[in-house]
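Below: the structure, in structure tokens.
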Amino acid sequence: MSLSIRETTDINIIKRIKPENGNSIPKIIHYCWFGGKPLPEDLKNCIASWEKLEGYTIMRWDESNCSFDENDFVRNTFSDKQLGFIGDYYRLKAVFEYGGIYLDTDVKVNKSFDELLKHKMFLNFIFDCSVGSAIIGGAKGNPLIKGLLDMYDKTVIVKDKPVDNKKVFEWRDDKLFVHGYATSNYYYTYYILKHYPEFILNNQYQELRDFVIYPKEYFEIGSLLGKHYAVHLCAGEWRIKDDDSNSIKNKIKKALKQKPKLFDFIQILIRRNRYNKLKKNIPFYEYSIAQKNGTPLPEL
């Protein structure tokens with residue numbers, strides 16, 4: 001993979017990068033890749049799309065520059081070989097300590113992020129009732145990111161299921177007890193609802209005191225008019241799977257890939273439909289309905 005923008009694992013390089021032209025966020029792209037395996041071809045293609053971000057430095061976080069000893073959450077996820085969840089912590093640590101924009105490796109960039117650099121921090125919805133974590137932009141030292149890091153510092157992983165299956169987090173004695181490994185989307189949504197009471201789960205652009213948040217169409221599922229900055233390909237059903245390469249579905253995918261614009265258009269339609277169905281299974285769905293109807297809010 002050949003990129004026209006610089007990639008590094010050297011912390012000293014990104015320490016020297018400062019925000020430009022009065023912006024808050026420096027031109028650094030962070031990503032995590034743990035485990036030492038080569039990047040799959042589909043993820044290489046996503047990272048290649050980051051070339052649209054001219055003038056940015058890509059910082060790769062891996063075994064060469066992470067200690068895996070910051071807190072119990074990191075130590076436990078490392079010993080359990082839960083490599084994806086380790087990235088949940090390090091993405092926040094990277095943006096908090098150096099500023100910049102974190103991207104999941106399955107994020108495909110559509111256009112420049114330059115106009116987003118003015119924000120103190122930006123996030124996006126993944127569902128109408130949940131904040132996403134595949135794309136995080138922030139200035140060094142942002143208070144919201146510090147709060148999220150503190151949650152991970154206080155996390156205790158417990159194996160038993162909660163009595164109320166919809167309750168993900170339980171605070172006891174200044175410790176956050178988490179039943180199993182909770183997705184980072186839940187951490188973000190829970191924390192913001194607790195500390196930013198003006199925040200509404202409605203998939204609408206909002207400006208709050210420490211951050212702004214964009215609808216899911218801008219960074220998650222894409223927009224039919226092409227106004228999105230990126231898409232997050234976590235849906236996965238339109239990836240071509242090697243173990244099923246002769247299936248009818250994969251043959252259709254391969255044929256459509258010969259027409260990229262049509263392929264992208266169909267992917268957006270599929271994601272829109274899929275995410276609309278999945279949102280009802282999110283723990284914060286009932287909370288969002290209560291906000292919308294003005295009824296008493298469920299306990300978080």
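Values in this text are rule-based calculations from the coordinates and carry no lab data. All figures in this text were calculated on a predicted structure; none of them were measured in a lab. Neighbour counts run over all protein chains shown; Cβ positions are idealised from the backbone, glycine included.
Couplings for the stretch 291-300, taken from phi via the Karplus curve 6.51 cos²θ - 1.76 cosθ + 1.60 with θ = phi - 60°, read 4, 5, 8, x, 9, x, 7, x, 5, 7 Hz in order; Gly and Pro are left as x. Counting 0.36 nm for each residue step from LEU83 to GLU299 and taking away their Cα separation leaves a gain of 74.7 nm. Counting 0.36 nm for each residue step from SER247 to SER112 and taking away their Cα separation leaves a gain of 45.0 nm.
Legend: distances between Cα atoms for LYS118/LYS167; LYS227/LYS277; LYS120/LYS194; pairs beyond 25 Å are LYS118/LYS167.
Phi angles across the stretch 31-48 convert, under the Karplus curve 6.51 cos²θ - 1.76 cosθ + 1.60 with θ = phi - 60°, into 3J(HN,Hα) values of 8, 10, 8, 10, x, x, 6, x, 5, x, 4, 5, 6, 4, 5, 5, 5, 4 Hz, Gly and Pro given as x. Annotation: amide H of THR183 has no partner in the under-5 Å range at sequence separation 5 or more or interchain, hydrogens built in the peptide plane.
For the stretch 86-138, the relative contact order comes to 42 percent (Cα pairs under 8 Å, sequence separation of at least 6). Extension gain for ARG172-SER223 works out to 14.1 nm (0.36 nm per residue, less the C-alpha to C-alpha distance). Between TRP61 and TYR31, CYS32, TRP33, the built amide H atoms are under 5 Å apart, and every one of these is 5 or more places off in sequence or on another chain. A cut-off under 9 angstrom between Cβ atoms defines the neighbours of PRO19, and their net charge, with Lys, Arg +1 and Asp, Glu -1, is +2.
Report note on the peptides 51-64, 86-99, 283-296, 103-116: ranked by the mean count of other C-beta atoms within 10 Å, highest first, their order is 86-99, 103-116, 51-64, 283-296. Applying the Karplus relation 6.51 cos²θ - 1.76 cosθ + 1.60 with θ = phi - 60° to the stretch 64-71 yields 3J(HN,Hα) values of 6, 9, 10, 8, 6, 9, 6, 6 Hz, where x marks Gly and Pro. Placing a pseudo-label 7 Å from each Cα along the Cα-to-Cβ vector at THR8 and ARG274 gives an inter-label distance of 3.6 nm.
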